[in-house]
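Values quoted throughout were computed directly from the atomic coordinates according to the rules given, and no laboratory measurement underlies them. This is a predicted model, so every value here is computed, not measured. Neighbour counts are summed over all protein chains in view; Cβ atoms, including those assigned to glycine, are modelled from backbone coordinates with ideal geometry.
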Amino acid sequence: MSIKFDLDKEWKDSSLPVVNGIAYPDGRVEKVYVISEDRERKIEIGEELDINALLSKEEIDIVEVAELGQVDGLNSGIIVHYGMGFMGGDGFIVVESKADSSIKWAAFFEDSNPFERAEVVGDAIYAYNNLGEKWRFDINNPVDVSIVN
Amino acid sequence: MIASFLIKDTYSGDPSDPLSLNLYVYCFNNPITYYDPSGHWPQWLDNIGNTIRDGTIDLIQSFWNDPEETLNTANDYVSLAAFVTGVDDTQTYQDMKYIGVRVEGGLVNATNVTKGTIKLAETTGEVGANFVAHTIVSTGEAFGIKGNQKFIQAVEEKRKEILTGGKALPKAIGQGIVDDFKTTINPSKAYDYFLNPNASLHDVAEYQMSAINTAMIAVPTAQGATAVVKYGVRAIEKATAILADRFGTQAAFAGGYGNVSWSAVDRAMASGIENTGVSFAKSLQGGSSARTFGTLKPNEINFSQRTVSGTVLQYTQDMASGIWDWSRSGPLRVMKRDGQWVSYDNRRLMAAQNAGLESVPVQFVNPAALHPELPMTWEQAFLKRFFDKRNIRIGGAIPSSGLNAQPNILPARR
């Protein structure tokens, strides 16, 4: 039985896939690893996967999340939602198009910690977690993510 | 030579005191030590009575002002007396001390609840005014006119209007609430419990319940807004945690106390509103209260999830080397479930266990209180985690009392 992942529907149900990376509406997943080295946390880009294949093999969970807030990107045409899952280290960013309310992409990490604030500056989203870290996501190429402090 | 009266005393004497039966004797034949202006009663007895009376009043006042310090001082005297008389290591003394320590916790708790409740009543009116003013200021900020002089003046006028019995909080309502507090909860009623030797801790808990019920009615009535309920619950949660600390360290409740079950203690803690007035005001005005409320041994706490991320390794190193800053990370938030403490903060708990820490700071969270970040109670937040699909996938939902076994560490690349 084939599974058709629906990112918009999951988000409306307050759920997201535990991708540890970026999930797109077409079912692509780009893995993003958070590597700790000498007190520094760095981002490492991983492989690209198909979420429908992962779901059919039951290799990924879709879990409930809690939105902590949202910010209007104004001229960028997006709304950025941010929040947390229910295991201690979870955090997520969801980017919604203001034009049709569809989801452009969603980032979910099990070790980012909850994102408590976000802002849109030009083509970038800056998200702040409860560890005091500032994460930068490129709106149009979200796999280009970095921890900037 | 001791003189005697020519006319017999009008007081007929006490059969148990032979000297008083001699109706021609003044002051038990000891006029230097005693004097008797009425001719019937030695002043020294009055002095003793007055001393006892004044001492009792002082004791009550001292207890009211600082119950913990008063009890600690009393404990020091009792301990010293026990040491001097050599009974300090007897089982009877230990038993009495054990019961006494637990009762003390209840007394301290009840005193502080009462004080906090009175404080709440006193501050309710001002808090309401400040809350409305705060809301207006926030609105002004949103519209970019926060610094506008006319706007500032309008806010202040609104605040004064409310304070003096304006539209948002009619004075009669505010006064009614204060009166209700004074009737329901007052020091003299509390003293009845504190000083009544037959009052059990259960009685004290029940007294607190009545205090809480009044507060729970009064607070939303006074503020009349859902925001107030939200902030109020947070304030009560903070206050409850303080009470939990008092119960935990003062009363211990380590063993089963005859009259008070854990559920009763939990109810009392859940209802605690010590310093609610202060916390409530701080919450409304964006202030903060202390969040470190006690300590537990790490191995006394269970886990609430089956996996943690690898950052736990760095946490462990930092704790083992003594550079972990608990004031920055905050305490572990723990909740009592089926008689067992369960942590919401699993990485820090695991790190503390592996680093060999003897104790960790904890915040005892009230299951019924709102989680500070989530739109749900602590109980609901714990249950969401217990039944998270990731826990179910690798071993099943977390048992109600948590897991004693440490979580697995997730690989970084997964």
Virtual spin-label span in nm between residue A:53 and residue B:338, 7 Å along Cα→Cβ: 4.2 nm
Nitroxide proxy distance, nm - points 7 Å out along Cα→Cβ at residue A:42 and residue B:412: 0.8 nm
Mean Cβ count within 10 Å, highest first, over the residues of peptides A:66-79, A:124-137: A:124-137, A:66-79
Gyration tensor (alpha-carbon) shape descriptor, the stretch A:7-147, a/c threshold 1.5: rounded
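How crowded by other chains is B:385-396, given as the mean number of beta carbons from other chains within 10 Å of each beta carbon?
Per residue, the average neighbour count from other chains is 3.
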Within the stretch B:294-409: Cβ-based charge dipole about Cα centre, in debye rounded to nearest 20 (Lys, Arg +1; Asp, Glu -1): 360 debye
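When you count, for each residue, the other Cβ atoms within 10 Å and take the mean per peptide, how do B:400-407, B:297-304, A:88-95 rank with the highest first?
My ranking of the peptides, most packed first, is A:88-95, B:297-304, B:400-407.
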Cut-off 11 Å, label 7 Å out along Cα→Cβ of residue B:300, residues of the stretch B:322-362 by amide N: B:341, B:359-362
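In which sequence would B:337, B:413 go, from the one with the fewest C-beta neighbours within 10 Å to the one with the most?
The fewest-first ordering by Cβ neighbours comes to B:413, B:337.
Could you order the peptides B:353-360, A:33-40 from most to least packed, using the average number of other C-beta atoms within 10 Å per residue?
Those peptides, ordered most packed to least, come out B:353-360, A:33-40.
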Hypothetical label at residue A:149: residues of the stretch A:29-67 whose amide nitrogen lies under 19 Å (7 Å Cα-Cβ projection): A:39-43
Alpha-carbon centroids, the stretch B:310-355 and the stretch A:29-48: separation in whole Å: 24 Å
Averaged over A:58-66, number of beta-carbon atoms from partner chains that fall within 10 Å: 3
Filtered chymotrypsin sites (Phe, Trp or Tyr not before Pro), the stretch B:375-410: DSSP coil and at most 12 other beta carbons within 10 Å: none
Segment residue B:328-residue B:394, length gained on full extension (0.36 nm per residue, minus Cα span): 20.5 nm
